[in-house]
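In what follows, a structure is listed as structure tokens, so that the remarks can point back to it.
Read-outs: derived from the displayed coordinates by stated rules, not from any lab. Only a predicted model underlies this, so the values are computations on that prediction, with no experimental measurement involved. Cβ atoms come from the backbone with ideal geometry, glycine included; neighbour counts cover every protein chain shown.
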Amino acid sequence: MTTLAITGAAGLAAAVETAHPARKPAEDYLLTVEGLTVSFDGFKVIDDLSLAVEPRELRAVIGPNGAGKTTLLDLISGRTRATSGTILFKGRDITRLREHEIVRAGIGRKFQTPSIYETLTVFENLEMSYPRGRSVFGSLGFRRTPEVIAKVEEAATAIYLADHLRRGAESLSHGQKQWLEIGMLLIQEPELLMLDEPVAGMTSAERRRTAELLTGLSEDRALIVIEHDMEFVKNIAHRVTVLHQGKWLAEGSMDFVQADPKVIEVYLGH
Amino acid sequence: MSQAINGAGGVDGATNGAANARRQLMAIGVLAFLVFLVFPALLDPFRLGMVGKYLTYAFVALGLVLCWGHGGILSLGQGVFFGLGGYCMAMFLKLEASDPISTAIQSTPGIPDFMDWNQLTQLPLFWRPFRSLAFSLLAVPAVPCLLALIIGVAMFKRRVGGVYFAIITQAIAAILSILIIGRQGWTGGVNGITDLKTLHGWDLRTDHARRILYFVNALLLFGAIALGRWVLGTKLGRLLVAMRDKEERVRFSGYDVANVKVFVFVLAAALSAVGGAMFTLQVGFMSPSFVGIVPSIEMVVFAAVGGRESLVGAVYGTLLVNWSKTYFSEKFPQLWLVLMGALFIGVVKVFPRGLAGLYESHGRAWLAAVRERLGRLLSGEGRRITPGPPAPASVERPEP
């Protein structure tokens, strides 16, 4: 599994060293962001940003505080509206879609602090994200079929919580809550998963298991991960995009961007 | 144990569903016993009529349990829907009471008396369909639901929520009551629609009719409780709680949060409207004093006192608050408003989960303790009474 991920990463890295803007035709990419700009009261938080993510790619986005990383996820997931620019997902323009429509199109998003339903059990948390019965009347008629239970158990196994299904979510440890939220995304079967600082506040053992989890996940879906932990990024990322003050600064393998003098100057040199 | 507390709010599935469901059914059973047997057996027609009236407010409280207690949407304008339901019913009854023969002394016979006093010479267009009972019965839930749908879509699709939503609903309550008072010729103004007599020829004013209406109302109320329980037991019920606690997460799980909110708001409006119509039938009039801000806030107090997450609690809360309102306003008329305010502050500060919450945290343990002490007392008594070898036997009973 890991060897596969590494060759994959190396192959991608070789292909892209300075892949800005996208050199391949747009159809080869799962997600294409072009000329994305958002300004709040004239201040450009994201400034003419372009990037492209391939299917089954694990992309890390790094950058100093205020670089616009979380805003980028907000834009892709529809939480913030872009001032200009376009976001294409599987060739479809999702720039103006609403949050739930983007989720239904196949993009899952995890928040920085664990965002789970504390008053529900682990099982119910996962079940709530099961992609059926999402309309008002659909949810009134929703039944807990064996298929649903099997899906929930499958997701729980993936996130190391199979033995905790009956527990109230509020009693989970911080790391387990982070995993639970990842599990809630998995059950939606997204083709693109976006994670905002998934290992923040985790112990080193939990970080290791999360790295394994994410590497495994990238075998059949694409991921965008925002993270401050450079060691963690180095372990998992196929490719790294560096943002600085809302602008694209560099992109490539971790070694490549770490060697880039611009990156060293604004970020790693500090 | 902590899971039991988690589940206490709703009809939760996986963990403690069965025990919880049994407990809730018991609570409903006790309430049904009170409403169907104890009250009708013990109360005179006047007091039973008052309970019947209180129970019509309980519909509003039930709606608030769903939309505020579970969904987190605080509406301070439920009186609007109660009133509209009541007015739809009252319009039919008023037209029936205003036949040309009994209104022969008016300058325009055949129209409601207040229209005649206001120099109207023919029935306004929007009154005409209310000559039909079928239409009126349909309009009772339909008109309030339509208004709730419009308000809900306009607010929730724009993500107006929380305090802002509460203030807007309050404004709507104020607007509607001012409108009703202002258009005297159409609505009977501040007096409302009074002198209602018969429903399809059946005299509503007799004790016998009132008694039947009391039971019809009670049946509808338990139907509403059953409906609420069913909704809360589905995924939509869990969705409501999830939305209340983590709206953003629900949205990012692919749900259109606004639609769920609109649904529960409309459902609460429909329940309130049924209560309003039953009020009109039992009490014999409808007036703007049930539409405005004060009654709307009082209805929130009923739900809050009962425990805003508990359907059964809402009914108890309504009964308790109204009973004490009647009692105190009979005995100490000046004190009542102060007590009402104190009650609301008390609920918010001391027992935020209301009567139902108090029962969960103290009542059940207390009941168990009483039962145990009673049991011990009875068995102790029994031992003393039993003849045969008395004292020595108990003294020389060594532990094995």
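Quick one: which residues, 5 or more positions from A:Val225 or on another chain, have an amide H under 5 Å from its amide H? H modelled 1.01 Å from N in the peptide plane, none for Pro or chain starts.
The list, which skips near neighbours in sequence, is A:Arg59, A:Ala60, A:Val61, A:Leu195.
As a test, work out the antiparallel percent of DSSP beta bridges whose residues both lie in chain A, rounded to the nearest 5.
55 percent
With springs only between Cα atoms under 10 Å, which of B:Gln184, B:Gln170, B:Gln78 fluctuates most in a Gaussian network model of chain B?
B:Gln184
How much of the DSSP bridge set in the range A:151-270 is antiparallel, in percent, rounded to the nearest 5? Don't skip to the answer; put the middle values down first.
Details: 5 of 10 bridges.
Looking only at bridges with both residues in the range A:151-270, the antiparallel portion is about 50 percent.
Measure up A:Lys44/B:Lys261; A:Lys69/A:Lys110; A:Lys69/A:Lys262; A:Lys177/B:Lys246; A:Lys90/A:Lys110 against 23 Å on the Cα-Cα distance and list the ones that go over. Provide the component values of the computation, followed by the final result.
Values: A:Lys44/B:Lys261 34 Å; A:Lys69/A:Lys110 13 Å; A:Lys69/A:Lys262 18 Å; A:Lys177/B:Lys246 14 Å; A:Lys90/A:Lys110 20 Å.
Distance filter (> 23 Å) returns A:Lys44/B:Lys261.
As an exercise, identify the trypsin sites (Lys or Arg not before Pro) in the range A:102-195 lying in DSSP coil whose Cβ has no more than 12 other Cβ atoms within 10 Å. Can you show the working numbers first?
Working: sites: A:Arg104, A:Arg109, A:Lys110, A:Arg132, A:Arg134, A:Arg143, A:Arg144, A:Lys151, A:Arg166, A:Arg167, A:Lys177; in loops: A:Arg132, A:Arg134, A:Arg143, A:Arg144, A:Arg166, A:Arg167.
Hits after loop and neighbour filter: A:Arg143.
Along the range A:249-260, what does the Karplus equation 6.51 cos²θ - 1.76 cosθ + 1.60 (θ = phi - 60°) give for ³J(HN,Hα), rounded to whole Hz, x for Gly and Pro?
Running phi through 6.51 cos²θ - 1.76 cosθ + 1.60 with θ = phi - 60° gives 10, 7, 7, x, 5, 4, 4, 5, 6, 5, 8, 6 Hz.
Once amide H atoms are placed 1.01 Å from N in the peptide plane, what residues at a sequence separation of 5 or more from B:Gly161, or on another chain, have their amide H within under 5 Å of its amide H?
Placed amide hydrogens put nothing under 5 Å from B:Gly161.
Work from the charge dipole of chain A (Cβ charges, +1 for Lys and Arg, -1 for Asp and Glu, about the Cα centre) and give the residue of A:Ser84, A:Gly175, A:Gly138 farthest towards its positive end.
A:Gly138
Taking the DSSP beta bridges in the protein assembly as shown as the whole, what percent of them are antiparallel, to the nearest 5? Mind showing how you got there, number by number?
Details: 23 of 40 bridges.
Of all bridge pairs located within the protein assembly as shown, approximately 60 percent are antiparallel.
Quickly estimate the mean residue ellipticity at 222 nm for the protein assembly as shown, helices only: each DSSP H run with n ≥ 4 gives -39500 (n - 2.57), and the total goes over all residues, rounded to 500. Let's see the in-between values first.
Working: 29 runs with 368 residues, N = 670.
Mean residue ellipticity, 222 nm, calculated: -17500 deg cm²/dmol.
Quick one: if you stick a label point 7 Å off each Cα along the C-beta vector at B:Asn191 and B:Arg47, how many nm between them?
3.3 nm
I'd like the distance between the alpha-carbon centres of the range A:114-132 and the range B:117-177, rounded to an integer number of Å.
Spelled out, the Cα-based centre of one part sits 37 Å from the other.
If you put +1 on each Lys and Arg Cβ and -1 on each Asp and Glu Cβ, how big is the dipole of the protein assembly as shown around its Cα centre, in Debye rounded to 20? Could you put the intermediate results ahead of the total?
Values: 66 positive and 58 negative charges, 375 e Å.
Taking the Cα centre of the protein assembly as shown as origin, the dipole is about 1800 debye.
Could you identify which residue out of A:Gly141, A:Gly85, A:Gly35 has the top mean-square fluctuation in a GNM of chain A using Cα springs shorter than 10 Å?
Evaluated over chain A, the most mobile residue of the options is A:Gly141.
Can you give me the angle between helix B:336-349 and the longest principal axis of chain B, using Cα atoms only, in degrees from 0 to 90, rounded to the nearest 10?
For B:336-349 against chain B, the angle is about 60 degrees.
With θ set to phi - 60° and the Karplus curve 6.51 cos²θ - 1.76 cosθ + 1.60, what are the ³J(HN,Hα) couplings of the range A:132-145 in order, to the nearest whole Hz, using x for Gly and Pro?
8, x, 8, 7, 4, 7, x, 6, 5, x, 5, 10, 7, 7
So how strong a dipole does chain B carry about its Cα centre when Lys and Arg Cβ are +1 and Asp and Glu Cβ are -1, to the nearest 20 debye?
Details: 35 positive and 21 negative charges, 179 e Å.
Charge dipole of chain B: 860 debye, to the nearest 20.
Using only Cα atoms, find the angle between the long axis of helix A:204-217 and the longest principal axis of chain A, and express it within 0 to 90 degrees, rounded to the nearest 10.
Approximately 90 degrees, to the nearest ten.
Label points 7 Å out from Cα along the Cβ direction at A:Ala259 and B:Leu378: separation in nm?
8.8 nm
Output the 0 to 90 degree angle, nearest 10, between the alpha-carbon long axis of helix B:293-306 and the longest principal axis computed from the alpha carbons of chain B.
20 degrees
Taking +1 at the Cβ of each Lys and Arg and -1 at the Cβ of each Asp and Glu, which of A:Ala52, A:Leu31, A:Leu214 sits farthest along the dipole of chain A towards its positive end, judged by Cα position relative to the Cα centre?
The residue sitting most towards the positive pole is A:Leu31.
Once amide H atoms are built 1.01 Å from N in the peptide plane, which residues 5 or more positions from A:Ser253, or in another chain, come under 5 Å H to H?
HN-HN under 5 Å from A:Ser253: A:Val240.
Apply the Karplus curve 6.51 cos²θ - 1.76 cosθ + 1.60, θ = phi - 60°, to the phi angles in the range B:48-56 and return the couplings in whole Hz, x for Gly and Pro.
Listing the rounded values in order: 5, x, 5, 4, x, 5, 4, 5, 6 Hz.
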